[in-house]
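One structure below.
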Amino acid sequence: MDGLLSEKEQIEVLRQWWRDNGLYIVAGVILGLALLGGWRWWHSQQRAEAGAASALYESLVGEVADLKVEAAEAKAAEMQSAYGDTVYARQTRLAMAKLYMDLGRDQDAARELAALVSDDGRDELQMIGRLRLARILLYQEKPEEAVDLLQGYSDTAFAARYAEAQGDAWRALGRYEEARQAYTLALAENPQARTVDATLVRMKINDLPPPTDDAAAAGGAAAPAPGQAAPQGAGAGAQPGSPAAEGAPADSAKPAQEEDEPDDSAAEPTPETQP
């Protein structure tokens, strides 16, 4: 009898525990199911949005290839409005910059690229956009702006390409020692994984005027990094009438397509394609 009563007491204890806690357990289960359903819905929405953005981008690429400016601009505006937080919106900036350069509208191309890099981001597309914008600034004969734009990225995978572009800018400014330093820095990357044309960079170095007497005398001293003030008298050794004395050749400042870029639609055209 005592054993039977003990069993009844245990059942009553369980019932009392359920009365005290059952509501919380049911609420927890319902909340967990709701969260799981919400996560699945959000994930589905993200996939649908990415698919729609991808389709719109592919359509825009076709318009860019056909040089249909108005249609491309309409789709670019839709992309920025509806899918501005996706990678396709950034790719659209690159594609539109290419289209504008193909049409000789370098100022519009610069505007697109400036919007792409406005937040000083460092993802791959923004790094590519910053380099292309620098090339356009050189084409527009704005080397000072190009130098400023490329400062502060020596710790990235684009360091060598940025250094080469900085060298072009310093050369356009007639600051040949700083150009030499920048080109030398571009050649300092791992030779097994080069991102610049080493032969072309060496040709650019050889094309510079020889170091001045002051620079030669200080040859053993540490050279300032690109972007710092050039040694006094830098560039004075250029011979009148030589290409170096007259500044950078015109084609050195033109925007050029960079290596290792994500897709052909985002490739920067060379100025020869301009009207």
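The values are calculated or read from the model by the stated rules, or taken from the named source; none is laboratory data. Everything numeric here is computed off the predicted structure, so don't read it as measured data. All Cβ positions, even for glycine, are placed from backbone atoms using ideal geometry, and neighbour counts span all protein chains on display. Ligands, DNA and RNA are stripped out before the accessible areas are found, and what is left, the full protein with its side chains, is counted by its heavy atoms. Shrake-Rupley method; radii C 1.70, N 1.55, O 1.52, S 1.80 Å.
Of everything in the range 145-169 that is open to solvent by less than 10 Å² (accessible area, probe 1.4 Å) and farther than 22 Å from ALA114 by Cβ, the residue that is farthest from the chain's Cα centre (by Cα) is GLY167.
Which of the residues that make up the range 35-92 are of a type in the set (D, E, K, R) and open to solvent by 40 Å² or more (accessible area, probe 1.4 Å)?
Matches in the range 35-92: ARG40, ARG47, GLU49, GLU58, ASP66, LYS68, GLU70, GLU73, LYS75, GLU78, ASP85, ARG90.
Collect the residues in the range 158-203 that are β-branched (Val, Ile, Thr) and part of a helix (DSSP H, G or I), keeping them in residue-number order. Residues satisfying the conditions are THR184, THR199, VAL201. Just one of the listed residues (GLY121, GLY129) is buried (at least 24 other Cβ atoms within 10 Å of the Cβ) and closer than 30 Å to GLU178 by Cβ, and it is GLY129. For the range 43-63, the condition holds for at least one residue, the condition being that it is closer than 30 Å to ARG105 by Cβ, out of contact with any Phe, Trp or Tyr (no Cβ under 7 Å at 6 or more places or on another chain) and β-branched (Val, Ile, Thr).
Of the helices (runs of 4 or more DSSP H) entirely within the range 52-157, those holding at least 3 residues that are of a type outside the set (Ser, Thr, Tyr) and touching a residue at least 60 places away in the same chain (Cβ under 8 Å) occupy 87-102, 124-139. Reported count of residues in the range 112-154, each being of a type in the set (Lys, Arg), farther than 15 Å from LEU173 by Cα and at pLDDT 95 or above, is 2.
Would a scan of the range 25-34 turn up a residue that is open to solvent by 40 Å² or more (accessible area, probe 1.4 Å) and touching an Asp or Glu at 6+ places or on another chain (Cβ under 8 Å)? Within the range 25-34, none of the residues are open to solvent by 40 Å² or more (accessible area, probe 1.4 Å) and touching an Asp or Glu at 6+ places or on another chain (Cβ under 8 Å).
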